[in-house]
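What follows is a short report on a single structure.
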Amino acid sequence: VFVPRSRYSSLARFPRQAAMALKIFEIDPSLQSMQGQIWDRVNGFKHWKGELQEKEGGMEKFAEGYKMFGFNRDGTNLTYREWLPNAKQVFLIGEFNNWENSTPLSSEGFGRWSVTLADKADGSPVVPHRCQVKVRIETNDGEWIERVPAWTRLAWQDHTTNLFNGVHWEPPEADRYVFKHQRPLKPDNLKIYEAHVGMASSEPKVATYADFARDVLPRIKRMGYNCVQLMAIAEHAHYGCFGYHVTSFFAPASRQGTPEELKLLVDTAHGLGIVVLMDLVHAHASSNCLDGIAQMDGTDHCYTHGGPKGHHSEWDSKIFHYTKHEVLRFLLSNVKWWIEEYGFDGFRFDGITSMLYHSHGIGKGYTGGYHEYFGPDADIESHIYLMLANDLIHSILPTAITVGEDVSGMPTLCRPVDEGGFGFDYRLAMAIPDMFIKLLKESSDDHWDMGHITHTLTNRRWKENVVAYAESHDQAIVGDKTLAFWLMDAEMYTGMSIHQSPTPSMVVDRGLALHKMIRMLVLGLGGEGYLNFMGNEFGHPEWIDFPRPENDWSHHHCRRRWDLAEDSLLRYKLFQSFDELMNACENRYGWLNAEHQYVTLKSNEDKVIAFERGELFFVFNFHPCNSYSDYQIGLSWNEPMRCILDSDEARFGGQCRLEYGHANPFPPMHGNHGRPHSVKMYLPSRTVQVLVKDRHTQGGVKVFVAPEYLANEGIESAGELDFHVQTWQNGQPTLLPPTKLGPEGFLHFEGNFDATFKVTGPGGKEMPCLSSKDGLFRIYFPGEYTVAGSGYVKVGGMPTTG
């Protein structure tokens, strides 16, 4: 048994059989050979949790450092406190005292300094709302420095110096945002829309939180995603760092608006049934000491490690000292702050490979051998911090979601802390986008290895969930290429006009087909969650290039061209339409959370992949030119199968070669490919078909109404609602006269495969679907649905009130 020595080594207290006390050893017995370091981190976690319980009243109370540090009001007194262990004397300076050394702080011991300011005689605060401040420090070696307060809740840039100042944010009660909507339930079919608020406008500017709430959140809901992951939320002095060099950890990025507007964004998302994750950067801090917390007290070892240990050579940033008491308070409080103050539902922990290893993973390759994860390179203190953070998050918010960005594939990363794991809910499946980019760069279509593709998509640890993605923001940055660019290159600009080129070129036809197939394959087989970066769903034609001197500080390529996907004369709409229906299909039939997954066929000769997931059957023909008729494929179900979605439909720019399968179920046949049954199908080249058991397509569409939808609209009974069903007459959409819910409490579209309708209230009051461009509610697959929240459709029926 490998037993490394560390300050938490106490394996002697645990005999060999005690290893089975951790659930992770039951799930993967081979981990017992590495139990020494696993027990080190488990014992370290228990040690710190016990210490905090004994000395700080528990971890949750300990993680409320924002109630102690920074500015805090107690009645008519405003107290400012900072942790500066290397300070000789400290002054609070700002607009309120003309930036003079007239407001000294007193030492409280243990490196803490504070000052309490009583309100003026007229009741106004000494440091008013929106007042810009800094802390001026004389260090123990006599140097004078100025710093932005580490716990500041807002920071603004002084455009005369380009440096940031802290801002005292204490708006009047009437101006404080009040949350209106409850948090959505934790989705069991996580589909993440990765987004950057600042670049979310079609205009060349920095978009605001309010812009995003108004313009982008409805789009995300319409596209079928149930989670938005927001990048670059914590303040970062350098806009072009994509938010990964944080300078003020408790302050929302001020370029994008105020704290109250960020709360509006989160609340609006909740009203649409969308959970909100924040990109949390605790792997490092910006080395910018003038605007950030690096060298906060003049030393290189205040919040971070000193010397080379505290410097990340590739990122030129600083590494936190995770098990230093006040640093641990700072980071855990930061986690709780974003959940409690802003309503975030969880986090994507950025760059944790750097935290897991002393080497930060630099120059290392990971092939799955346990010796690569355990040994002298394992950073046990960072492991302990990640366990503490996940334990805290799930304690204060049991429905929280945490996603770890780890390229190494660290075992037990996504098992609960009480089982001996790190506590993450998901890990990003980072090998998948790398594989597809490599294929597109280096191989012709007829040399794609179907076995290699399916292996990469299914190569994940048992009982450890992953979020799969074909591409993220990494591929969209200048210097790299998105899938659409690799597929179509210059024709992204010249071949997208349906008006100028009614028939697509061979390049565009191939690009459109493979773009749809790759995304469907990743969603179908790649993991228990799915992620897409904003704009990639419609093949965004421009890369991301932040304003910088080399492009004359232009925002031209730091935006998202939503207008392209809405233009009926451009083919971008075809990419987007498929993405919308692909997600709608998963929302209805829910395979991401299904345990059943079986790859039936991965024929390298025919370029065919077929697999079962949940109660659906996916069939891909990647061959660039061969189509197959009467292609018999084995499956496990002895019942008719019906095609519910295929990439060859006209609405997705296809050739409509698979209409038969939508209208007629495929009868079950004798066994094939080692499966007890089979179906015989037509497989056109470069297409994907999704089949479901025919009984799941029967019964039409039923629509219920949720009580909270009525409450949000101020309506007492669903009987007061009118439903205007859309039909087609003479080739034109027409709304039928209004109808009411049936006596059973729902609207029933018998025999329908889909439904479109409008809702009005008493007196003809418009009650639009907030995620729809025209206000109409749309359902694409048979089943039960509910009009819910602030105005959207969710899968599943429920009792209707009234």
Practice item. Give the Debye-formula value of log10 I(q)/I(0) at each listed q (0.12, 0.14 Å⁻¹), with one equal scatterer per alpha carbon of the stretch 558-637, two decimals each. Key: -0.55, -0.70
**Study point:** Over 45 Å [Cα-Cα, the chain], rounded percent
**Key:** 30 percent
Practice item. Kindly flag which residue pairs out of LYS186/LYS773; LYS309/LYS441; LYS49/LYS463; LYS205/LYS573; LYS765/LYS794; LYS61/LYS263 have an alpha-carbon separation exceeding 29 Å in this structure. Key: LYS309/LYS441
Check your understanding: What ranking do 295-303, 746-754 get when scored by the average of other Cβ atoms within 10 Å per residue, highest first?
Key -> 295-303, 746-754
Check your understanding: What's the local net charge at ALA237, with K and R +1, D and E -1, over the other residues with C-beta under 12 Å away?
Key -> -2
**Study point:** Qualifying lysines (Cα of each under 16 Å from Cα of LYS438; at least 8 residues distant if same chain)
**Key:** LYS481
Practice item. Mind grabbing the base-10 log of I(q)/I(0) for the stretch 501-583 at q = 0.27 Å⁻¹? Debye formula, identical points on the C-alpha positions, no solvent, two decimal places. Key: -1.30
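Can you compute the FRET efficiency between ASP552 and ASP694 using 1/(1 + (r/R0)^6), with r the Cβ-Cβ distance and R0 = 41 Å? Round to the nearest 0.05.
0.10
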Review point. So for the stretch 217-339, what percent of the C-alpha to C-alpha distances run longer than 20 Å?
Key: 48 percent
Check your understanding: With charges set only on the Cβ (+1 for Lys and Arg, -1 for Asp and Glu), what does the dipole of the stretch 107-240 come to about its Cα centre, in debye to the nearest 20?
Key -> 800 debye
Review point. From the residues TRP637, SER408, TYR225, which one has its Cα farthest along the dipole of the chain in the positive direction, the dipole being from +1 and -1 charges on Cβ of Lys/Arg and Asp/Glu about the Cα centre?
Key: TRP637
Study note, to complete from the structure: Computed on Cα atoms only, the convex hull of the stretch 693-758 has an orientation-averaged projected area in nm² of 5.9 nm²
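Probe of 1.4 angstrom, ligands and nucleic acids ignored: what's the accessible area per residue over the chain, in square angstrom? If you can, show how the numbers build up before the last one.
Working: 30470 Å² over 802 residues.
Result: 38 Å² per residue.
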**Study point:** Among 543-555, 420-432, 25-37, the order from most to least packed when residues are scored by Cβ within 10 Å on average
**Key:** 420-432, 25-37, 543-555
Review point. Check GLN89: other-chain or 5+ apart residues with amide H under 5 Å from its amide H, H built from backbone geometry?
Key: GLU138
Review point. Where the only charges are on Cβ atoms (+1 Lys, Arg; -1 Asp, Glu), what is the dipole of the stretch 161-219 about its Cα centre, to the nearest 20 debye?
Key: 260 debye
Check your understanding: Hey, what D do you get for the stretch 674-802 in µm²/s if you plug the Kirkwood alpha-carbon radius into Stokes-Einstein at 37 °C and 0.692 mPa s?
Key -> 201 µm²/s
Exercise for review: Report the charge-dipole magnitude of the chain in Debye, nearest 20, computed about the Cα centre from +1 at each Lys and Arg Cβ and -1 at each Asp and Glu Cβ.
Suggested key: 1120 debye
Practice item. Principal axes first, then extents: for the Cα atoms of the stretch 79-211, list largest minus smallest coordinate on each axis, whole Å, largest first. Key: 55, 38, 36
Point to revise | Beta bridges by DSSP in the chain, antiparallel share as percent, to the nearest 5 | key: 75 percent
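If contacts are Cα pairs under 8 angstrom and at least 6 residues apart, what is the relative contact order of the chain in percent?
Working: 1731 pairs, mean separation 73.2, N = 802.
Dividing the mean separation by the residue count of the chain yields 9 percent.
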Check your understanding: Residue-wise, which Karplus ³J(HN,Hα) couplings in Hz belong to the stretch 423-429, taking 6.51 cos²θ - 1.76 cosθ + 1.60, θ = phi - 60°, and x for glycine or proline?
Key -> x, 6, 7, 8, 10, 6, 7
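Order the peptides 601-608, 262-269 from the highest to the lowest mean number of other Cβ atoms within 10 Å of their residues. Each step should come with its number before you reach the end.
Details: 601-608: 17.5, 262-269: 24.4.
Listed from highest to lowest mean packing, they are 262-269, 601-608.
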Review point. Normalised by the residues of the stretch 309-430, what does the relative contact order come to in percent, with Cα pairs under 8 Å and at least six apart?
Key: 24 percent
Review point. Considering the stretch 598-666, what Rg and Dmax in Å follow from its alpha-carbon atoms?
Key: 12.4, 33
Check your understanding: P(r) tail for the stretch 346-390, what percent of Cα pairs lie past 17 Å?
Key -> 33 percent
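Which loop-located GluC sites (Glu not before Pro) does the stretch 136-227 contain, where loop means any DSSP state but H, G, I, E or B and the Cβ has at most 15 other Cβ atoms within 10 Å? Before the final figure, lay out the partial values.
Values: sites: GLU138, GLU143, GLU146, GLU173, GLU194; in loops: GLU143.
Passing both the DSSP loop test and the Cβ count: GLU143.
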Point to revise | Separation of the GLU56 and GLU605 label points, Cα + 7 Å toward Cβ, nm | key: 6.4 nm
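Counting other Cβ atoms within 10 Å, keep those with at most 12, restrict to DSSP loop, and tell me which chymotrypsin sites (Phe, Trp or Tyr not before Pro) in the stretch 438-485 are left.
Numbers: sites: TRP448, TRP462, TYR469, PHE485; in loops: TRP448, TRP462, TYR469.
Passing both the DSSP loop test and the Cβ count: TRP462.
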Check your understanding: If one takes the longest principal axis of the Cα atoms in the chain, at what angle in degrees, from 0 to 90 and to the nearest 10, does the Cα axis of helix 506-525 lie?
Key -> 70 degrees
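Report the calculated FRET efficiency for ASP316 and GLU143 (r = Cβ-Cβ distance, R0 = 22 Å), to the nearest 0.05. Don't jump to the answer; show the numbers that get you there.
Details: r = 23 Å, r/R0 = 1.04.
My answer for the efficiency is 0.45.
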Point to revise | Distance histogram for the stretch 638-742 (every C-alpha pair counted, 5 angstrom bins, percent rounded to whole numbers) | key: 2, 9, 13, 12, 13, 12, 12, 9, 8, 5, 2, 0
Practice item. Measure nothing but the geometry: give the 0 to 90° angle between the long axis through the Cα atoms of 325-342 and the longest principal axis through the Cα atoms of the chain, rounded to 10°. Key: 50 degrees
Exercise for review: Show the residues, 5+ positions off or on another chain, whose built amide H is closer than 5 Å to the amide H of ARG415.
Suggested key: PHE422, GLY423, PHE424
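Counting each DSSP H run of 4 or more residues in the chain as -39500 (n - 2.57), what helix-only mean residue ellipticity at 222 nm follows after dividing by all residues, to the nearest 500 deg cm²/dmol? Show your work: numbers first, answer last.
Values: 18 runs with 180 residues, N = 802.
Per the formula, -6500 deg cm²/dmol.
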Practice item. At q = 0.14, 0.21 Å⁻¹, work out log10 I(q)/I(0) for the stretch 296-441 with the Debye formula, treating every Cα as an identical point scatterer and leaving solvent out; two decimals please. Key: -0.74, -1.41
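Taking only the C-alpha atoms, wrap a convex hull around the stretch 279-347 and report its volume per residue in Å³ as a whole number.
Values: hull volume 6.6 nm³, N = 69.
Given the Cα convex hull of the stretch 279-347, per-residue volume reads 95 Å³.
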Study note, to complete from the structure: Projecting the Cα atoms of LEU569, ILE544, VAL335 onto the charge dipole of the chain, where Lys and Arg contribute +1 and Asp and Glu -1 at Cβ, the residue farthest towards the positive end is VAL335
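For the stretch 57-159, state which trypsin sites (Lys or Arg not before Pro) are in a DSSP loop and have at most 16 other beta carbons lying within 10 Å of their beta carbon.
Numbers: sites: LYS61, LYS67, ARG73, ARG81, LYS88, ARG112, LYS120, ARG130, LYS134, ARG136, ARG147, ARG153; in loops: LYS120, ARG130, ARG153.
Sparse-neighbourhood loop trypsin sites (Lys or Arg not before Pro): LYS120, ARG130.
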Practice item. Starting from the Kirkwood radius over alpha-carbon pairs of the stretch 353-422, derive D by Stokes-Einstein at 25 °C in a medium of 0.890 mPa s and give it in µm² s⁻¹. Key: 192 µm²/s
Revision key, fill the gap. Amide H contacts under 5 Å for LEU570, restricted to residues at least 5 apart in sequence or on another chain and with H modeled in the peptide plane, are ILE498
Revision key, fill the gap. In Å, the Kirkwood estimate of hydrodynamic radius for the stretch 230-284 over Cα pairs equals 11.8 Å
Check your understanding: Taking only Cα atoms, what is the 0 to 90° angle, nearest 10, from helix 259-271's long axis to the longest principal axis of the chain?
Key -> 30 degrees
Check your understanding: So what are the ³J(HN,Hα) numbers for the stretch 732-746, from phi and the Karplus equation (6.51, -1.76, 1.60; θ = phi - 60°), rounded to whole Hz, Gly and Pro as x?
Key -> 10, x, 9, 8, 6, x, x, 9, 9, 4, x, x, 7, x, 8
Point to revise | Karplus-derived 3J(HN,Hα), 6.51/-1.76/1.60, for each residue of the stretch 714-726, Hz, glycine and proline x | key: x, 10, 7, 9, 5, x, 7, 8, 10, 10, 10, 7, 8
Revision key, fill the gap. Between the alpha carbon centres of the stretch 23-92 and the stretch 234-307 the gap in Å comes to 19 Å
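The values are calculated or read from the model by the stated rules, or taken from the named source; none is laboratory data. This structure is a prediction, so every number in the text was calculated from the model and none was measured. A quick note on method: Cβ atoms are made from the backbone with ideal geometry, for glycine too, and the neighbour counts reach across all protein chains shown. Heads up: the accessible areas ignore ligands, DNA and RNA and are worked out on the full protein's heavy atoms, side chains in. Shrake-Rupley method; radii C 1.70, N 1.55, O 1.52, S 1.80 Å.
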